[in-house]
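> Got a structure for you, written out below as structure tokens; questions coming shortly.
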Ligand code: MN
Ligand code: MN
């Protein structure tokens, strides 16, 4: 990786670190989820201005609750309020010219699930302690699994950390929360996110029926004029990064009917892909802690 690219990752990470600090103050019980997401996303842009760069959310702020592990972001008319006994995963990303940082933390204001929350935090800490040039990638999941099971919980097996690349939030290598057979070694130039998920459930998430997050799968011709305009905008604004349906709704202000028709066409033609909410069994809880790292000159730099 050249120096300039590395600097952009570092910059995105610096912005995201500040955004995470602010997000901890923003995500308080009694507040509407929609306001929490909006405020964090706006703050990411504001921080860029302070740093003299253009910084944008790399994906919609995910605010997944209790058994939900990932991919809930508020709808445009969302009235859901953050309750103090909930286990809320706040997953946020920022990018500078497509160079992405990805991080997450879990909040549970009444501490009813404190041990679970601490478990994913500790799993990330322990994973970071084994990451150095020469470590086999498969060892990371081993450390995560050991930590989580050692505290009486299960790692979520079908959610993983991942590589990061310009305008891409999920590239190889896959870094599962259980050991895998990946014997490739960590080396200079790698950028990746590690994200342990701990649960009192079985450790498997499945897709729910709700999607509020989308990305462009394959741009192609579409007849519906509104669909065409939404696609043009998304291509220019988000490229291959995920975006929220509420961002599209706010931008175009179409009637509900026009908007739904346009989205239906884009999804049916596989121009857009949807990211359904991923969840454990009802009544279970999931916690998540995530950060992004860059390996450079033989050192592992924690970006966020
Ligand atoms: Mn994330
Ligand atoms: Mn991630």
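Where a number appears in this text, it was derived from the coordinates with a stated rule and is not lab data. Computed from a prediction, not measured in an experiment: that's the story for all the values here. For neighbour counting, all protein chains shown are included, and Cβ atoms are generated from backbone atoms with ideal geometry for every residue, glycine included.
> Measure nothing but the geometry: give the 0 to 90° angle between the long axis through the Cα atoms of 3-26 and the longest principal axis through the Cα atoms of the chain, rounded to 10°.
Rounded to the nearest ten degrees, it is 80.
> If you don't mind, there's one more thing I want to ask. By how many degrees, between 0 and 90 and to the nearest 10, does the Cα long axis of helix 225-237 differ from the longest principal axis of the chain?
40
> Would you work out the relative contact order for the range 213-275, in percent, from Cα pairs under 8 angstrom that are 6 or more residues apart?
The normalised contact order for the range 213-275 reaches 59 percent.
> At what distance in nm do the modelled label points of residue 129 and residue 97 sit from each other, each positioned 7 Å from its Cα along Cα→Cβ?
3.8
> Moving on. Which order do 191, 156, 81 fall in if you start with the one that has the fewest other Cβ atoms within 10 Å?
81, 191, 156
> From the helices alone, meaning DSSP H stretches of at least four residues, give me the mean residue ellipticity at 222 nm for the chain, per-run term -39500 (n - 2.57), in deg cm²/dmol to the nearest 500.
-11500 deg cm²/dmol
> Remind me, relative contact order of the range 89-173 in percent, using alpha carbon pairs under 8 angstrom and six or more residues apart? The partial results should precede the final answer.
Working: 85 pairs, mean separation 22.9, N = 85.
Taking the mean separation of contacting Cα pairs over the length of the range 89-173, I get 27 percent.
> Rank the residues 249, 225, 277 as a footprinting-exposure proxy: fewest other Cβ atoms within 10 Å of their Cβ go first.
Taking fewest neighbouring Cβ atoms as first place, the list is 225, 249, 277.
> So if I take the alpha carbon set of the chain, get Rg, then get Rh from the Kirkwood formula, what is the Rg over Rh ratio?
Dividing the radius of gyration by the Kirkwood radius yields 0.96.
> With springs connecting C-alpha atoms under 10 Å apart, model the chain as a Gaussian network and identify which of 69, 19, 274 has the largest mean-square fluctuation.
In the Gaussian network model the winner is 274.
> In nm, to one decimal, how far is the modelled label at residue 168 from the one at residue 207, with both set 7 Å along Cα→Cβ?
Output for this residue pair reads 2.1 nm.
> With the contact rule set at Cα under 8 Å and sequence spacing of 6 or more, what percent relative contact order holds for the chain?
After rounding, I find 23 percent.
> Moving on to the next point. Cα centroid distance between the range 260-304 and the range 170-234, in Å?
Distance between centres, Cα-based: 5 Å.
> Can I ask one more? Just to be sure I understand: with springs between alpha-carbon atoms less than 10 Å apart, which residue in 237, 83, 68 has the highest mean-square fluctuation in the Gaussian network model of the chain?
237
> Another question, if that's okay. Tilt of helix 137-150 relative to the longest C-alpha principal axis of the chain, in degrees (0 to 90, nearest 10)?
Value to nearest ten degrees: 80.
> Right, next: With springs only between Cα atoms under 10 Å, which of 235, 278, 128 fluctuates most in a Gaussian network model of the chain?
235
> Another question, then. Taking the number of other C-beta atoms within 10 Å as the exposure measure, put 261, 124 in order starting with the fewest.
Least to most surrounded, the residues fall as 261, 124.
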